[in-house]
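Derivation of every value follows stated rules applied to the coordinates shown; laboratory data play no part. Quantities reported herein were computed from a predicted structural model and do not represent experimental measurements. Because the Cβ atoms are built from the backbone with ideal geometry, glycine has one as well, and the counts that use them run over all protein chains shown.
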Amino acid sequence: MIFSRKSRPTHQVGRLASSLVILAATSILVWLTTGCASGVLIKNQPTTSLNLLQYVIQQQIPRGIRVKSENQREFFSNYFSPYGDFTADGTDKRERAYAHIMILGDSRPYQTSIRVYREKKTNSGYRQTGLDKNLSRQIAARLQVALAKSREDRNVIDDFRPF
């Protein structure tokens with residue numbers, strides 16, 4: 001079978017080009033949704049209970065909890081200064097940050113996601129400027145130290161659930 005030059009090759013080239021455009025658009029979309037919004041992920045020990053994890057997060061979150069989800073697996077910290085320590089109030093500052101901590105997984109071992117977002121003051125309010133991975137790592141390190149310390153002080157009775 002002989003193909004004419006005008007019908008088949010241009011049709012195949014057109015389909016190939018549209019397939020490449022779809023592939024490129026899909027790759028960019030996957031990269032944007034997974035790569036840009038990544039924070040720090042802690043894989044907790046299998047012995048770490050959900051109650052202990054929630055307690056440690058509430059104790060170590062910078063400047064206390066501003067918002068907590070109904071199922072107590074998502075925490076937003078109060079605003080703090082992104083410079084220096086986490087104890088400085090950043091509510092009305094020119095630049096401020098807040099931590100978003102999530103407990104992931106439905107059973108042990110749980111994972112903890114820590115993301116710290118920065119905001120900058122504008123004329124119309126505050127605008128989010130992005131994710132701060134350095135501050136996310138610092139808070140993750142604080143959580144890991146507190147979890148290790150609480151494991152040493154833990155009593156077997158504290159983690160016992162009869163039902």
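For labels at ARG137 and ARG94 in the simple 7 Å Cα→Cβ model, what's the distance in nm?
Taking the simple label geometry, ARG137 and ARG94 are separated by 2.7 nm.
Round to the nearest 0.05 the FRET efficiency obtained for GLN72 and GLN128 when R0 = 25 Å and r is the Cβ-Cβ distance.
Efficiency at R0 = 25 Å is approximately 0.55.
What spacing in nm lies between the two simple spin-label points modelled at THR87 and LEU104, each 7 Å away from Cα in the Cβ direction?
3.3
Which far-off residues, 5 or more places away or on another chain, put their amide H under 5 Å from the one on THR129, with H placed in the peptide plane?
It is ARG118, GLU119, LYS120, by chain and number.
Would you mind classifying the range 40-156 by shape? Square roots of the alpha carbon gyration tensor eigenvalues, ordered a ≥ b ≥ c; an a/c under 1.5 is rounded, otherwise it is prolate if a/b is larger than b/c and oblate if not. Walk me through the intermediate numbers first.
Values: a/c = 2.31, a/b = 2.02, b/c = 1.15.
Since a/c reaches 1.5 and a/b is larger than b/c, the shape of the range 40-156 is classed as prolate.
For the range 69-143, calculate the relative contact order in percent as a whole number, restricting contacts to Cα pairs under 8 Å that are 6 or more residues apart.
Value for the range 69-143: 22 percent.
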